[in-house]
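Data first, discussion second: the structure below is written as structure tokens.
The values are calculated or read from the model by the stated rules, or taken from the named source; none is laboratory data. If you're wondering where the values come from, they're calculated on a predicted model, not measured in any experiment. Virtual Cβ from ideal backbone geometry, glycine too; neighbours counted across all protein chains shown. Calculation scope for accessible area: heavy atoms of the full protein, side chains included, ligands and nucleic acids excluded. Shrake-Rupley method; radii C 1.70, N 1.55, O 1.52, S 1.80 Å.
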Amino acid sequence: MLAITEILVFLIAAAFVAQFIRLQHAAKRLPPGRTPVPLLGNLWTLKFTFHHETFMQLAKTYGNIITVWAGHTPLVVVNGYEAVKDALIYHSEETSGRPLTPALRAYAKEKGVSLSTGETWKQQRRFLVTALRHLGIKTRILDCRIQQEAQDMVEAFTATEGRAIHSYPIMVTAVANVISSMVFGHRFSINDDSLRKIMEATGSITQFVGSYRGQLYNIFPQLMKHLPGFYQTLFENIDFLNNYVKQEIRAHCDTVADEPQDLIDLYLAQISKNKSDPDSGFDEANMIQIVIDAFLAGTETTACILEWTLLYMVLHPEIQGMAQQELDAVLDTSHIVQYEDYERLPYTNAVIHEIQRHSSVLPMGAPRSCLMDTVIQGFPIRKGTTILTNLTSVLYDPEHWEAPQEFNPSHFLDKKGKFVKNEAFIPFSAGQRMCAAEQMAKKELFIFISNLLREFTFHLPAGVQEATLDCTYGISLRPHPYKICAARRKAEPQQ
């Protein structure tokens, strides 16, 4: 019996050593990084999360192109503006793939836009971009929708009468209704139970993919998917989203419009157009996922940035006051804020951009994969390699920002106070897979934030001494829940 035990121990140790040697051999063909160990790679030292700050620290030791290991899978992490530009812009075609990890496959099953790759992605994205253009994403049609939701949001804050509240339900309803009217053809009320469940479901998914639970699932998918608790709740949330969209599709099928009114109408028309081609790719599975992708991309990030906005205004009341002075001086009291007003409001526009830069709500963007062998910053990267782009390292790159750790709207202003662009401002990523809804997000942020600052002064509740920038980490960075007061203000008389 002792001999058998000794043999088993020897075999396990030998397998461990052999795998360790294989990993070291494989690592020699990749950019530098920490030494990986069998089974876990670098996950133990990374605390099972791909945190942007950790990668920024590693870049100081190994350079802006580094390798980390998720189990036995190497991931190339790109830091800093020059390296990220090289990967996503100069090699946009080569890095336009999406790695199909078990976690991502469990969510999207290689369908839709966000997490598909190859021809499926090209086809579905082409449809989405065309559909959003048809629905007015680049016209005054979208502006009017956002302005209406901004007015409803102002009314909701006014109804609080300055009491301490959690502002997220008000803001996420406004953001969700913009994309909901485009996708589903209807709006939600602030107390709608379906909207609450949708946001809970999408929130749990985004937190899962970027968390330690997501990394464990990628290593042990067959084990994790059978564990009770968190993972079962996750799958229930995925099922809920799919079933909700199916119900919306059925409702649209029962009431066919003469002209397509929303994204589902447009997709149903596309399915009908291609019904004679069984391999067209336009089917219900892709339709369900593209609708979920559009809703999630059009809601989660923008609502998150609005959460950060109020927090930054509380932490920097002098900046809040300067933006309000500009709004009062430039806009007539009867004027409805329009997106085009950003040209007349350089300081307010700079504040909105600095909120996006400093909060960096999508710190690692979405993972890419190489569709062909390429070279990034002198390092050969093989086909199939997963690439992580550290967007925070770009938004905090000291070569492009005067004081990257500080919250300072002057990062977007010249000496004369005019708004200036910065090439390192890429909160929505870059290249072929940059966010398809970026233009809509820009319009929403400007119109929503301008209206909020014009109508209210935000401050902490009585007895609360300070706010914190601590956040929860997943795909997106969200501030911890906080309460805030919205005091109705009167515009200062113009001089």
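Run VAL291 past the list (1) closer than 15 Å to SER181 by Cα; (2) at pLDDT 90 or above; (3) in a loop (DSSP other than H, G, I, E, B) and report the number of the one that doesn't hold.
So VAL291 meets the others, but not (3).
Determine, yes or no, whether ILE292 is among the β-branched types (Val, Ile, Thr), under 28 Å from THR101 (Cβ atoms) and open to solvent by less than 50 Å² (accessible area, probe 1.4 Å).
Judged against the criteria, ILE292 is a match.
Could you count how many residues in the stretch 42-54 are open to solvent by less than 10 Å² (accessible area, probe 1.4 Å) and in contact with a helix residue (DSSP H, G or I) (Cβ under 7 Å, 6 or more places away or on another chain)?
2
Give me the pairs, please: first residue somewhere in the stretch 112-136 and within 10 Å of GLY97 (Cα to Cα) and of a type outside the set (A, V, I, L, M, F, W, C), second residue anywhere and modelled with pLDDT of 85 or more and in a helix (DSSP H, G or I), beta-carbon distance under 7 Å, and either six or more positions apart or on two chains.
Between residues of the stretch 112-136 that are within 10 Å of GLY97 (Cα to Cα) and of a type outside the set (A, V, I, L, M, F, W, C) and residues that are modelled with pLDDT of 85 or more and in a helix (DSSP H, G or I), the close pairs are SER116/GLN124.
Would you mind stating whether ARG105 is modelled with pLDDT under 90, assigned to a helix (DSSP H, G or I), open to solvent by 40 Å² or more (accessible area, probe 1.4 Å) and not β-branched (Val, Ile, Thr)?
Yes: the conditions hold for ARG105.
For the stretch 92-102, enumerate the residues that are open to solvent by 50 Å² or more (accessible area, probe 1.4 Å) and more than 24 Å from PHE425 (Cβ to Cβ).
Answer for the stretch 92-102, where residues must be open to solvent by 50 Å² or more (accessible area, probe 1.4 Å) and more than 24 Å from PHE425 (Cβ to Cβ): just LEU100.
Can you pull out the residues in the stretch 114-163 that are surrounded by fewer than 16 Cβ atoms within 10 Å (Cβ to Cβ) and aliphatic (A, V, I, L, M)?
VAL129, ILE141, ALA159 - these are the residues of the stretch 114-163 that are surrounded by fewer than 16 Cβ atoms within 10 Å (Cβ to Cβ) and aliphatic (A, V, I, L, M).
Open to solvent by less than 50 Å² (accessible area, probe 1.4 Å) and not hydrophobic (A, V, I, L, M, F, W, C), is that true of THR255?
no
Could you please give the count of residues in the stretch 194-220 that are surrounded by fewer than 16 Cβ atoms within 10 Å (Cβ to Cβ) and either under 18 Å from ARG105 (Cα atoms) or under 18 Å from the mean Cα position of the chain (by Cα) (or both)?
So the count comes out to 3.
With the requirement that a residue be farther than 30 Å from LYS60 by Cβ and part of a loop (DSSP other than H, G, I, E, B), what does the stretch 397-423 give you?
Within the stretch 397-423, ASP414, LYS415, LYS416, GLY417, LYS418 meet the criteria.
Of all residues in the stretch 381-404 being touching a Pro at 6+ places or on another chain (Cβ under 9 Å) and free of Cβ contacts under 8 Å to residues at least 12 places away in the same chain, which is farthest from TYR347 (Cα to Cα)?
Out of the qualifying residues, it is PRO398.
So in the stretch 325-358, with the set limited to residues that are in a loop (DSSP other than H, G, I, E, B) and in contact (Cβ under 8 Å) with a residue 60 or more places away in the chain, which one is most open to solvent (accessible area, probe 1.4 Å)?
Out of the qualifying residues, it is THR333.
For the stretch 424-442, give me each residue that is assigned to a helix (DSSP H, G or I) and open to solvent by 10 Å² or more (accessible area, probe 1.4 Å).
Passing the criteria: GLY431, GLN432, ARG433, GLU438, GLN439, LYS442.
Search the stretch 443-486 for residues being without any contact (Cβ under 8 Å) to a residue 60 or more places away in the chain and polar (S, T, N, Q), and hand back the single one that is surrounded by the fewest Cβ atoms within 10 Å (Cβ to Cβ).
GLN465
Kindly list the number of the only condition in (1) open to solvent by 10 Å² or more (accessible area, probe 1.4 Å); (2) of a type in the set (Val, Ile, Thr); (3) farther than 30 Å from ASP265 by Cα; (4) under 26 Å from the mean Cα position of the chain (by Cα) that fails for THR301.
(3)
For THR5, indicate whether it is assigned to a helix (DSSP H, G or I), at pLDDT 90 or above and not aromatic (Phe, Trp, Tyr).
In short, no.
Tell me, yes or no, whether the stretch 68-77 has at least one residue that is free of Cβ contacts under 8 Å to residues at least 24 places away in the same chain and surrounded by fewer than 20 Cβ atoms within 10 Å (Cβ to Cβ).
no
Open to solvent by less than 40 Å² (accessible area, probe 1.4 Å), in a helix (DSSP H, G or I), touching a residue at least 12 places away in the same chain (Cβ under 8 Å) and within 29 Å of LYS122 (Cβ to Cβ): is that true of GLN270 in this structure?
no
Check whether at least one residue in the stretch 81-91 is closer than 30 Å to LYS60 by Cβ, part of a loop (DSSP other than H, G, I, E, B) and open to solvent by 10 Å² or more (accessible area, probe 1.4 Å), and report yes or no.
yes
May I ask you to list the residues in the stretch 273-289 that are surrounded by 11 or more Cβ atoms within 10 Å (Cβ to Cβ) and among the polar types (S, T, N, Q)?
ASN274, SER280, ASN286, GLN289
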